[in-house]
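Quick notes on the structure that follows.
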Amino acid sequence: MEEALEQPQLRVFLHPLLHPALLPVSYPRDIRPTWSSIMEYNGGSVIAMVGKDCVAIASDLRLGNQALGISSNFTKIFPMTNRIFLGLPGLATDVTTLKETFRYRVNMYTIKEEREIEPETFAHLVSSTLYERRFGPYFIEPVMAGLQKAADGSLKPYIAATDLIGCLNFAKDFVVAGTASSKLFGVAEGLWEPDLGPEDLFETISQTLLNAVDRDAYSGWGAEVYVLTKDKVIKRTLKGRMD
Amino acid sequence: MPDGSFAHPQQRQFNPYTDNGGTILAIAGADFTVIAGDTRQSEGYSIQTRYAPKVFRLTDRAVLAVNGFAADGNMFVKKVKQRLEWYRHAHAKDMPLRAIARLIQTMLYAQRFFPYYVYNILGGIEEDGTGAVYSFDPVGSYEREACRAAGAAQSLVQPFLDNQIYFKNQKAAAGQTHPTHLPLSDVLSIVIDSFTSATERHIEVGDGLEIFVVVTKGHSPQGLESIRNVQEVTTRADTDRMFVIRRELKKD
C-alpha cells in the first residue's frame with residue numbers, strides 16, 4: 001500500500017526571498033511565515049460602534065515589525081467621504097495600497113454618479129474590491145463607519161466590517177478587527193449598550209479600545225477616535241500606555 | 001498509515017492531552033472572595049456535558065477552580081483534597097490559604113516534565129481575614145492577585161476586569177481615588193456580566209454558571225441571602241461562611 005507521507009501545504013509567503021526555490025534545502029518548514037503571521041506582522045486594531053444618531057470608529061497608532069515597535073503615529077483610519085470613515089488593520093503595505101485604491105474608486109464613483117457614495121454602497125465597493133483578489137488577498141480586514149442617508153432625508157448610523165476576502169458583516173452594535181479582536185469583543189460586549197449619545201459613545205469606544213490593546217502586545221502605542229454626528233465629525237487623539 | 005509492515009517507515013502517535021474549553025474567574029474583596037466558572041465541558045465542536053463543575057470547595061475558607069484538560073483537573077483536585085485531609089489528620093486544623101497555594105505549586109512542579117494541563121485559580125480567605133486570589137500556570141508558577149480570569153475566554157474577560165476591577169484607563173474624580181476593593185454586590189454583577197459576555201462571543205463558554213462566595217467570619221454577607229438561587233454551604237458554625245450561586249447561561 002503506497003501513500004504520500006507528506007501532504008503539500010498551501011502557504012503564502014511574506015517575502016519573495018522566502019520563495020521555496022530560494023530556500024536552502026535544510027530550511028525547516030515549520031518556521032516559515034504562514035497566513036496568520038502575516039496578519040500579525042505589523043499589528044494594529046480597529047473598532048466601530050453604533051450610537052443614537054451617531055457612530056464612532058477608533059484605532060490604535062502602532063506600527064510594528066513583529067515584536068519590534070517601529071512607529072507610534074501610524075494612522076489606520078481614513079476619511080472616504082464627509083460621512084464615511086474606513087479603518088484598515090492588517091499588513092501595513094496593504095493599508096497604504098488599499099487607502100489609495102479606495103480613494104481612486106470613490107472618486108470615480110463621484111464623477112460617474114455625480115453624487116457622494118453612501119455607506120452601504122461603499123461597503124459593497126470594499127467587499128467586491130477585496131474579492132477581486134480572492135486567491136491572493138490583501139491582508140487587511142476593513143472596518144467602516146458612516147451615516148447613511150435614509151429616504152426621509154435623515155441620517156442613519158451604519159457600521160460594517162469584512163474579512164480579508166470581502167465577506168461583509170453588517171452588525172447592529174459593534175464590529176472589531178485586528179490583532180486585539182478577541183479582547184475588543186470581550187470588552188465591547190461588556191461595555192456597549194444601545195442608544196448612546198455622542199459623548200457616551202466616545203467614552204465607551206475609547207475605554208473598550210484602550211483596555212483591549214493594553215492586553216495585546218501587537219496593538220497600542222496611542223489611539224485615535226472619530227465620532228460622527230449629523231452635523232460634525234469629532235476627532236480625538238488619545239494617550240495610552242506606551243509599553 | 002501504520003500497517004505493521006517493515007517495507008516503509010511508520011510513525012505512531014498518542015496525544016495524552018485535550019482542551020475541554022470553559023472559563024473560570026476569581027475576584028478578591030476586602031473581606032470576601034468570589035470564585036466562578038461556567039459548567040460547559042466540550043471537546044472540539046462537541047458538548048460532552050452541560051454540567052461539569054470546575055469550581056470545588058477545598059476547606060471552609062478555600063475554593064479551587066480548575067480549567068483546561070478536565071481529566072487532569074479532576075485528578076488534580078482529588079489529590080489536593082487528599083493532601084488537605086492528611087494535613088487535617090496531622091495538625092487537627094485546616095491548612096491556611098497561602099499554604100494551600102504553596103502546596104499547589106509543589107504538586108504542579110512535581111509534574112514538570114509531564115504536566116497537568118490545567119490552569120488553577122485558588123480563592124478564599126487568608127488567615128488575617130482578607131479575601132485572596134492565587135493564580136497558577138500549569139507548572140506551578142503562581143502569584144497573589146485581586147482578580148484573574150483563565151481558560152477559553154481569558155482574552156475576552158481579563159481586559160474587561162482590568163477596566164472594571166483595577167479601574168485601568170479610568171481617572172478618579174477630582175480629589176478622589178479609586179476604591180481598592182469593591183462591595184460584594186458590584187463584584188457579583190461584574191462576574192455575571194463577564195460570563196454572559198463570554199457566552200455571547202465564545203462557543204466553548206455557556207450552559208451554566210456556578211459562583212462560590214466566601215465571606216470572612218463575623219462579617220455581614222452584604223445582602224447575599226436575598227439573591228436569587230443562593231445556597232449556603234457552610235459546614236460549621238463560627239467559621240467563614242460559604243455560598244454557592246447558580247445561574248443559567250445561554251446553551252447555544
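Read-outs throughout are calculated quantities, based only on the coordinates presented, and are distinct from any laboratory measurement. Being a predicted model, the structure only gives us computed values, none of them experimental. With ideal geometry, Cβ positions are generated from the backbone for all residues, glycine too; neighbour counts draw on all protein chains shown.
One chain, two ends: residue B:232 and residue B:172. Fully extended at 0.36 nm per residue, the span grows by 18.0 nm beyond their Cα-Cα distance. Computed from Cα atoms, the angle from the helix A:92-113 axis to the main principal axis of chain A rounds to 50 degrees.
Cross-link partners for residue B:251 among the lysines, with Cα-Cα distance under 23 Å and sequence neighbours closer than 8 places in the same chain left out: A:172, A:183, B:54.
Residue exposure proxy: A:117, B:27, ordered by other Cβ atoms within 10 angstrom of their Cβ from fewest to most, comes out as A:117, B:27.
Inverting the pair-averaged 1/r between distinct Cα atoms of region B:63-149 gives 13.1 Å as its Kirkwood hydrodynamic radius.
Taken over chain A, the percentage of Cα pairs per 10 Å bin, counting from 0 up to the bin with the maximum distance, is 8, 31, 33, 18, 7, 3, 1, 0.
Taking the C-alpha atoms only, the angle from helix B:97-109 to the longest principal axis of chain B is near 10 degrees. Treating r as the C-beta distance of residue B:225 and residue A:167 and R0 as 56 Å, the FRET efficiency rounds to 0.65. Taking B:110, B:237, B:99 in turn, the Gaussian network model of chain B (Cα-Cα springs below 10 Å) assigns the largest fluctuation to B:237.
Kirkwood analysis of region B:23-249, using all unique Cα-Cα pairs, places the hydrodynamic radius at 17.8 Å. Dividing the convex hull volume of the alpha carbon atoms of the protein assembly as shown by its residue count gives 207 Å³ per residue. Most mobile of B:227, B:104, B:211 per a Gaussian network model of chain B (Cα springs, under 10 Å)? Per the Cα network of chain B with a 10 Å cutoff, B:227 tops the list.
Computed from the Cβ-Cβ distance with R0 of 56 Å, the FRET efficiency linking residue B:113 to residue A:241 stands at 0.90.
In the structure shown, the pairs B:79/B:217; A:52/A:99; A:156/B:171; A:112/A:232 are assessed against 30 Å; a Cα-Cα span above that value is assigned to A:156/B:171.
Annotation for residue B:185 and residue A:232: the two label points, set 7 Å from Cα along the Cα-Cβ direction, are 3.9 nm apart.
Panel note: the C-alpha atoms of region B:1-108, placed on their principal axes, show extents of 67, 33, 19 Å (largest first). Taken about its Cα centre, the protein assembly as shown carries a charge dipole of about 560 debye when Lys and Arg each add +1 at the Cβ and Asp and Glu each add -1 at the Cβ. GNM remark for chain B: springs join alpha carbons under 10 Å apart, and the peak mean-square fluctuation among B:225, B:145, B:85 falls on B:225. For region B:108-143, list residues with backbone N below 17 Å from a point placed 7 Å from the Cα of residue B:74 toward its Cβ? Counting only backbone N, you get B:116-119.
Exposed loop positions in chain A were taken to be chymotrypsin sites (Phe, Trp or Tyr not before Pro) whose DSSP state is not H, G, I, E or B and which have at most 16 other beta-carbon atoms within 10 angstrom. Between these positions, the longest stretch is A:14-134.
For region B:233-241, backbone phi angles converted through the Karplus equation (6.51, -1.76, 1.60; θ = phi - 60°) give residue-by-residue couplings of 10, 4, 9, 10, 6, 6, 10, 4, 9 Hz, Gly and Pro being listed as x.
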